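**Student:** Pasting in a structure now, in structure tokens, and then I'll have a few things to ask.
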Amino acid sequence: MSSDPKASIAQMEKIVSLCKRRGFIFQSSEIYGGCGGVWDYGPLGAELKRNLRTAWWNTMTREREDVLGLDASILMNPAIWKASGHVDTFADLMRECSLTNKRVRADHVDPQSGTVLKYSGAQSPTGWRWDRTITALTKSGEHIESFRKRIRALIAQNAGESAGKPEEIELLGEEKIDAVNGSVDFHPETGGMLGEARPFNLMLKTYLGPTATEDDVTYLRPETAQAIFAQFKNVFDSSRVKVPFGIGQIGKAFRNEVTPKNFTFRSREFEQMELEFFIKPDEAVEIISGEVAAWHEGADLSEPQPNWGWELWHRYWVDQRTKFYQGIGLGDVLEYYWQTPADLAHYARACVDILCEFPFGTEELEGIAARGDFDLSAHQTASTKSQEIFDEELKTAAAKLSDEQKESLIQKRLAAEAAKVKGEPMPEAAVRAWFERLFKGSYVPHVIEPSAGLDRMALAVIAKAFSETEKVDEKGKKEVITVLRLHPRVAPIKVGVFPLLKNKPELVAKAREVYALLKKHLNCFYDETASIGRRYARQDEVGTPFGVTIDFETCGEKGPELLDTVTLRHRDSGEQERVKISELLGKLLPLVS
Ligand code: GAP
């Protein structure tokens, strides 16, 4: 990211423009003026997203023995959102502009400076009157007359036709209050004074059923995770798995974001890729393995071990997710924010945000949280359906413990409860009842949750790949060339296939043959128009990592040794090599998958 805000904005504008021009991302409902915070993916964007989705799915489920997949519905029983806490607490604090009623997230108001002016009200010759105190801040360098004009326009906009023409609105009882410095009490766009911060629930409400009464209210899911918790028992019972194991899901999520911004980064409709990885409580690990391994800098995280407690599992998933990002070309733009105890929700033991460098700043790409048994226990209580699993190994190990050893485990837990800085400590009777179930082999699993956003990931790879170089064309004219250096694994088009000349039937026929051969296995693009340099440039701009050119050598015109060979061009190095058509696929496939 550039340290110059103007350069960052310019960079972002170029990325947005490229995304539209080349069919990656379009504004939703553009022909009707758009739809705030909602985006559509064009032909290349759809391929890019599909590649990212596949990379996540394969890495997180198919290539592992301990993770299963799920594809749950977007609409669910609203009781799920009550139990999960979303109905009561999934809210942003918002403040409303007293002038325009426009809302802004309380934590998104940048400090502003200027002079504060106050009016006792406003009126117009139409007889319209506003008996409301108006307090607003001048913008930096704004002349008082421009300020008044702007305030009149905003009032007229808000009041509608009854107020008449903006220029005829009279602002009453002007008073100049002190200059303010670094204030967060004024709306960043309008300058109007902001009201008190109020919670605003981010879930999108809808009605399920024809009567559309309050009884039919449900929500578009704000995260995919809750469906995993709600189906935990069904997956466990139907799949012959043992804890530790995970359930992964990719799907749409919806949030009525107060201020969607930064292109697709904060959208109202987006896709999540979430894993809920269920583990044994640390006490169960200690009973079975005799100890819980402690994490230390440099700990070996390559292979999960039976004596891992939540902390090592959490570190393991941070490591796994980092490797995933390295595998799609984002390795060198990641940062980590380890939430402090003050940041953490009372039930969370740890949470790390994997951050990525975007043109508008370093922002969250994925969160990895250790959530204890909060979610499954909440659903167990609300649904009254047991979410416990039975662990034979634990029962056998617990049976070998002496009463003193059992009591020592209970005392350790009671001490931990007493030392809690957030949330209510579990009462002793509840702790003892929990251990009684544990010693019999029963517990509600704990969970580690790596939760990533697909749209953010797509934006991150595009932003990271975007580069510009200056080139001099054949006529000596300077031009700026855009190259999208997408990792071959995620690039929407893997190979461009080009006959050197389109008016040579033998070249075209051979190129079509190569295209048909590759197309069955890779997303390819056939192009025969314009100069070969121009065709390479078009593919560079959309991130195609390889180009195959069919030339006279291919047809044997330069000797039999080059017959049925093509030029393979590598986008990033510019290297060109001669490859036999029969060996092309074998060479390309490992490079793109
Ligand atoms: N189940 C946990 C959960 O949903 P979150 O931090 O709210 O946690 C996880 O969301 C990820 O989903 C984020 O790291 C981000 O990548 C993505 N995400 C969240 N809100 C988003 C939005 N409004 N637009 C795009 N992506 C979003």
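**Student:** If the cut-off is a Cα-Cα distance under 19 Å, which aspartates and glutamates reach K471, setting aside same-chain residues fewer than 8 apart in sequence?
**Tutor:** Candidates past the 8-residue exclusion: E479, D540, E541, D572, E575.
**Student:** HN-Hα J couplings of region 265-272 from phi, Karplus 6.51/-1.76/1.60, θ = phi - 60°, integer Hz, Gly and Pro as x?
**Tutor:** Whole-Hz 3J(HN,Hα) from phi for region 265-272: 4, 10, 10, 8, 10, 8, 10, 10.
**Student:** 5 Å is the cut-off here: which amide hydrogens, built 1.01 Å from N in the peptide plane, fall below it relative to E335, excluding neighbours closer than 5 in sequence?
**Tutor:** When sequence neighbours closer than 5 places are left aside, the close amide H contacts are L355, C356.
**Student:** With all pairs of different alpha carbon atoms counted, what Kirkwood hydrodynamic radius in Å does the chain show? Working shown, then result.
**Tutor:** Details: mean 1/r = 0.0350 Å⁻¹.
28.6 Å is the Kirkwood radius here.
**Student:** Starting from the exponent 0.38 and prefactor 2.2 Å, build the expected Rg for region 420-549 from its residue count and divide its actual Cα Rg by it.
**Tutor:** Details: Rg = 28.0 Å, N = 130, 2.2 N^0.38 = 14.0 Å.
The reported ratio for this selection is 2.00.
**Student:** Another one. DSSP loop (so not H, G, I, E, B), at most 12 other Cβ within 10 Å: list which trypsin sites (Lys or Arg not before Pro) in region 513-546 pass both filters. Could you put the intermediate results ahead of the total?
**Tutor:** Details: sites: K519, K520, R534, R535, R538; in loops: K520.
Those satisfying the criteria are K520.
**Student:** If you don't mind, another one. Roughly how many whole Å is it from the C-alpha centroid of region 483-561 to that of region 363-413?
**Tutor:** The two parts, judged by their Cα centres, are 57 Å apart.
**Student:** Kindly give the semi-axes, whole Å and largest first, of the ellipsoid equivalent to region 168-228, taking each as the square root of 5 times a Cα gyration tensor eigenvalue.
**Tutor:** On the way: eigenvalues 371, 72, 16 Å².
So the equivalent ellipsoid measures 43, 19, 9 Å along its semi-axes.
**Student:** On to the next question. Per-residue counts of other Cβ atoms within 10 Å, averaged by peptide: what ranking do you get for 247-254, 456-463, 161-168, 347-354, highest first?
**Tutor:** Numbers: 247-254: 20.6, 456-463: 24.6, 161-168: 13.5, 347-354: 18.9.
Listed from highest to lowest mean packing, they are 456-463, 247-254, 347-354, 161-168.
**Student:** Place a +1 charge on the Cβ of each Lys and Arg in the chain and a -1 charge on the Cβ of each Asp and Glu, then give the dipole magnitude about the Cα centre in debye, rounded to the nearest 20.
**Tutor:** Numbers: 77 positive and 89 negative charges, 346 e Å.
I would put it at about 1660 debye.
**Student:** Only residues of region 112-130 count here: report those whose backbone N is under 20 Å from the spot 7 Å along Cα→Cβ of N181, or say none.
**Tutor:** Output list for this probe position: 112-117.
**Student:** What does the convex hull of the Cα atoms of region 278-331 come to per residue, in Å³, rounded to a whole number?
**Tutor:** Numbers: hull volume 4.1 nm³, N = 54.
Taking the convex hull of the Cα positions in region 278-331, it is 76 Å³ per residue.
**Student:** Using alpha carbon coordinates only, what is the Rg to Rh ratio of region 382-463, with Rh defined as the Kirkwood radius? Walk me through the numbers before you get to the answer.
**Tutor:** Values: Rg = 19.0 Å, Rh = 15.9 Å.
For region 382-463, the value is 1.19.
**Student:** Could you tell me the largest-minus-smallest coordinate of the C-alpha atoms of region 260-399 on each of the three principal axes, in descending order and whole angstroms?
**Tutor:** For region 260-399, the Cα extents along the three principal axes come out at 58, 41, 29 Å.
**Student:** Excluding residues fewer than 8 places away in the same chain, name every one of the lysines whose C-alpha is closer than 26 Å to that of K558.
**Tutor:** Reachable lysines: K502, K504, K510, K580, K587.
**Student:** Viscosity 1.567 mPa s, temperature 4 °C: Stokes-Einstein D of region 77-184 from its Kirkwood Cα radius, in µm² per second? The partial results should precede the final answer.
**Tutor:** Details: Rh = 16.1 Å.
Approximately 80 µm²/s, per Stokes-Einstein.
**Student:** Okay, next question. Provide the packing ranking of 376-385, 148-157, i.e. peptides ordered by the mean count of other C-beta atoms within 10 Å per residue, highest first.
**Tutor:** On the way: 376-385: 16.0, 148-157: 18.4.
For the peptides 376-385, 148-157, the packing ranking is 148-157, 376-385.
**Student:** So for T133, T549, fewest C-beta neighbours within 10 Å to most, what's the order? All intermediate terms of the calculation are to be shown ahead of the outcome.
**Tutor:** Working: T133 13, T549 22.
Exposure proxy ranking, most exposed first: T133, T549.
**Student:** If you bin every alpha carbon distance in region 392-438 into 10 Å steps from zero, what whole percent lands in each bin?
**Tutor:** 25, 49, 22, 4
**Student:** Is the C-alpha gyration tensor of region 135-278 telling us rounded, prolate or oblate? Criteria: a/c under 1.5 is rounded; beyond that, a/b larger than b/c is prolate, otherwise oblate. Don't jump to the answer; show the numbers that get you there.
**Tutor:** On the way: a/c = 4.02, a/b = 2.47, b/c = 1.63.
Cα axes put region 135-278 in the prolate bin.
**Student:** A follow-up question, please. Region 196-294: which GluC sites (Glu not before Pro) are DSSP loop and have at most 12 other beta-carbon atoms within 10 angstrom?
**Tutor:** Passing both the DSSP loop test and the Cβ count: E196, E291.
**Student:** What span do the alpha-carbon atoms of region 478-593 cover on each of the three principal axes, reported in whole Å from largest to smallest?
**Tutor:** Taking max minus min along each principal axis of the Cα atoms, region 478-593 gives 36, 35, 22 Å.
**Student:** What's the FRET efficiency of S383 with Q123 using the Cβ-Cβ distance as r and R₀ = 56 Å, to the nearest 0.05?
**Tutor:** On the way: r = 58 Å, r/R0 = 1.04.
For S383 and Q123, the calculated efficiency is 0.45.
**Student:** Note down the nm distance, to one decimal, between modelled labels 7 Å out along Cα→Cβ at D343 and at K475.
**Tutor:** 5.4
**Student:** Ok, one more. If the cut-off is a Cα-Cα distance under 17 Å, which lysines reach K406, setting aside same-chain residues fewer than 8 apart in sequence?
**Tutor:** Excluding near neighbours in sequence, the set is K395, K440.
Readers should treat all values here as calculations from the given coordinates under stated rules, not as data from a laboratory. In this text the structure is predicted, and so the values were computed from the model without any measurement. Methodologically, a virtual Cβ is constructed for each residue, glycine included, from the backbone with ideal geometry; neighbour enumeration extends over all protein chains shown.
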